[in-house]
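To start, the structure itself, in structure tokens.
The values are calculated or read from the model by the stated rules, or taken from the named source; none is laboratory data. In this text the structure is predicted, and so the values were computed from the model without any measurement. Glycine also receives a Cβ, built like all others from the backbone with ideal geometry; neighbour counts cover every protein chain displayed. In case anyone asks, the SASA skips ligands and DNA or RNA and just uses the protein heavy atoms, side chains included. Shrake-Rupley method; radii C 1.70, N 1.55, O 1.52, S 1.80 Å.
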Amino acid sequence: QPFCQHHYSAYKWLKNLFNSRVIIVTSNKVEYGKSPLNFNEKKEFISKFINPQDIFCLRNLYSYEELKSHINIDGCILIYAHSAKDIDRIQQSHIPGKISYLQPFKSMDQCKLSNEHSYFIIMPEFRLKFNNRSLNATNMRKYLSTLKVNNISDFKIFQKIFNISDYSFYNYIINKFK
């Protein structure tokens, strides 16, 4: 899905909350109609908002070992952030007698380093409003599919929604969502 201003608001909220580096992990999964962007395309989109060195591609978004192969997380506290609607994406293993590696976040002073546990936090909802309507990911994909390539008035709408003024990027993205 496209990285919108409400995603950027969530990113800034996390940076302010933890006063620390915030990275984005995503996959390379492409699914027609739902997720038309591959990792490099997502990274290009997200890089319009944040440092590209803070964007990583993982096959398993919650894999300590896989993330560790991309970035030094030794001595770090690892916290995943989700909206309430995406809570089902969090996979806690429930092995009898063993505490799951992925735990709900309670407070920084209760956290252990990433080699022992990682944590998840549910963020407040950041809404993207356009023309007095809330746009969620599904609505955004549908809306992008209605915009026309090389159309200045549609490009102006794109600029308002994404705060991106790169016309060639606009045309490229609109073609991806057709």
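At a glance:
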{"item": "Surrounding net charge for Val25, when Lys and Arg each add one and Asp and Glu each subtract one, Cβ distance under 14 Å", "result": "+3"}
{"item": "Chain lengthening between Asn175 and Tyr32 when straightened (0.36 nm per residue, less Cα-Cα)", "result": "50.2 nm"}
{"item": "Fraction of accessible area attributable to carbon and sulfur, the chain (%, probe 1.4 Å)", "result": "48 percent"}
{"item": "Relative contact order of the chain, pairs being alpha-carbon contacts under 8 Å that are 6 or more residues apart, as %", "result": "22 percent"}
{"item": "Angle between the chain longest axis and helix 5-18 axis [Cα atoms, degrees, rounded to 10]", "result": "30 degrees"}
{"item": "Per-residue HN-Hα couplings for the range 171-178 [Karplus 6.51, -1.76, 1.60; θ = phi - 60°; Hz; x = Gly/Pro]", "result": "4, 4, 5, 4, 4, 5, 9, 6"}
{"item": "Label-to-label distance, nm, for residues given as Arg133 and Ser107 (7 Å Cα→Cβ offset)", "result": "4.4 nm"}
{"item": "Antiparallel bridge percentage (DSSP; both residues within the chain; nearest 5)", "result": "20 percent"}
{"item": "Separation of the Ile71 and Arg21 label points, Cα + 7 Å toward Cβ, nm", "result": "0.7 nm"}
{"item": "Unit charges on C-beta of K, R, D, E only; dipole of the chain, Debye", "result": "680 debye"}
{"item": "Sites Lys148 and Ser168, calculated FRET efficiency, Cβ-Cβ separation with R0 22 Å, nearest 0.05", "result": "0.90"}
{"item": "GNM top mover of Asn60, Asn151, Asn132 - the chain, alpha-carbon springs below 10 Å", "result": "Asn132"}
{"item": "D (Stokes-Einstein, µm²/s), Kirkwood Cα radius, the range 3-144, 1.002 mPa s at 20 °C", "result": "129 µm²/s"}
{"item": "Other-chain or far-sequence residues with amide H under 5 Å of Phe56's (modelled H)", "result": "Ile24, Val25, Thr26"}
{"item": "Extension gain from Lys160 to Ser83, taking 0.36 nm per residue of separation minus the Cα-Cα distance", "result": "25.4 nm"}
{"item": "Sequence-distant residues sharing a close amide H with Tyr80 (under 5 Å, placed H)", "result": "Tyr119, Phe120, Ile121"}
{"item": "Residues with amide H under 5 Å from that of Leu128, placed H, sequence gap 5 or more", "result": "Leu135"}
{"item": "Computed [θ] at 222 nm, helices only, for the chain once each DSSP H run of length n ≥ 4 contributes -39500 (n - 2.57)", "result": "-9500 deg cm²/dmol"}
{"item": "Lysines with Cα under 29 Å of Lys176, excluding same-chain neighbours fewer than 8 positions away", "result": "Lys12, Lys29, Lys34, Lys42, Lys43, Lys48, Lys85, Lys129, Lys142, Lys148, Lys156, Lys160"}
{"item": "Rounded to the nearest 20 debye, dipole of the range 1-63 from Cβ charges on Lys, Arg, Asp, Glu", "result": "100 debye"}
